[in-house]
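The values are calculated or read from the model by the stated rules, or taken from the named source; none is laboratory data. If you're wondering where the values come from, they're calculated on a predicted model, not measured in any experiment. Cβ: placed from backbone, ideal geometry, glycine included. Neighbour counts: every protein chain shown.
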């Protein structure tokens, strides 16, 4: 118990006896405090001049015109707390003369007054205290296990416990407010007050008629006044089946030998698990599954299939199943042998479930159009392949055609070897069966190479001619033969050529021969002219004996033998004193 000084007792007496000295500040300030926390109630809004203050006193309104003292502070004196009953041990004063009230409750919602004595002036500053409390975490209780479409059902109850003032609850679906319309949406709110604490518990019950779209909807509740929201919840939406669909599950494309699965899909929730599958001429019921598999399908499997609910057979769905097939038959096939000049009847039979495209190749080379096989020649020989395509499916068929007949030489050519020391002769021919190739080379020793592909033969002969040759190539099989010749010059004579290319050799030799012939004609004319003059002179007075005449005739004969010899396109000069086997090229 605090002892009051004599001056304070006198001051209190003056306050109680002279109301003319008391001045109450007009207006009522308000302070909002949080439930359970320490509340600071300012005196004159915290503006108190300590130098002029003689005394500060806090009191509260007890109701019915009564007040209760809390604490007193005199100038140059310690704080004196005089509170009793419910405020004992809960009050204190800050340095700015504010009243500190700990562990605030709803009973503290009353008027607290600060009385200030400064000189001869006495002033009072009343403050109205309000207490608020945020509710505990919002939560949805009594949640429904499932919702049935078209039926108004209790979805759940949102509870806001121990709040002041009472919480205002709003229901949300996918974060959008639900408005009560008395039909699909109905909200019932109830409040309870704790008799001891005075705090409110608010309950909001939502009744809702669900739709199919609500299967993934999120429901929650919020109290905007206190800024809280509950966790979102979802519900199982149940509804009866209204539509079914038959799905065909298979590879694309579905071909013979594959498996196909029929699946009946219903939109009910929970989905039905028993169905009837209507196959071609057969009905199959399945339990605890929605599929049926057809194994190793064939083209006869194609057709319409249906499924229905066992307990609601009038609800059906259908779908067509198409099994793709592609059969190709090529006649003839394998190896085909025909004689030159004959025809081949080729037929390509196609059985398919759709449009097809046909392409042909010969010896792996694509043809622009379907080949024709009339009046066969050796060039028709080869491997023919047809490719039939239908979408992603394709089939191949082929036959090997060989045209047989007497061989024909198509080309006989010569070429100087790269080293210049030999010549290569090539004989190319067509014929079937493979013809035998022979050469006539006047005793030389050849090195032969040969190849035979699709009725065409190419035979190479390497020779080293020491003299000018005329070489024959002969091809023979059981149906006949053919032969051609080519002139080959010796490698040991000086060759006169117009250019350095072997293929122009004969042409240059011909030009040289023509030149020599022209020269011979001119020379013959000169000789004839001289001879004529000589004869004329002889007739005019030249007399010869029979012996001289015979000698002259022998000399003229030798001159004729000393003429020009054209051999294989080359000009050779025969000299009287040289061996006739060593000609010299002019």
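Going by the conditions given, is residue 414 surrounded by fewer than 19 Cβ atoms within 10 Å (Cβ to Cβ) and in contact (Cβ under 8 Å) with a residue 24 or more places away in the chain? Judged against the criteria, residue 414 is not a match. Of everything in the stretch 85-139 that is under 60 Å from the mean Cα position of the chain (by Cα) and buried (at least 20 other Cβ atoms within 10 Å of the Cβ), the residue that is nearest to residue 37 (Cα to Cα) is 133. A count restricted to the stretch 323-351 and to residues that are surrounded by 15 or more Cβ atoms within 10 Å (Cβ to Cβ), in contact (Cβ under 8 Å) with a residue 40 or more places away in the chain and farther than 22 Å from residue 378 by Cβ stands at 6. The residue that is surrounded by the fewest Cβ atoms within 10 Å (Cβ to Cβ), among those in the stretch 304-319 that are within 16 Å of residue 261 (Cα to Cα) and in contact (Cβ under 8 Å) with a residue 40 or more places away in the chain, is 318.
Of the strands (runs of 3 or more DSSP E) that lie entirely inside the stretch 353-450, those containing 1 or more residues that are under 30 Å from residue 485 (Cβ atoms) and assigned by TED's automatic domain parsing to the domain that holds residue 462 span 393-416, 423-432, 436-440. Scanning the stretch 52-73 for residues that are in contact with a strand residue (DSSP E or B) (Cβ under 9 Å, 6 or more places away or on another chain), within 24 Å of residue 118 (Cβ to Cβ) and part of a loop (DSSP other than H, G, I, E, B) turns up at least one hit.
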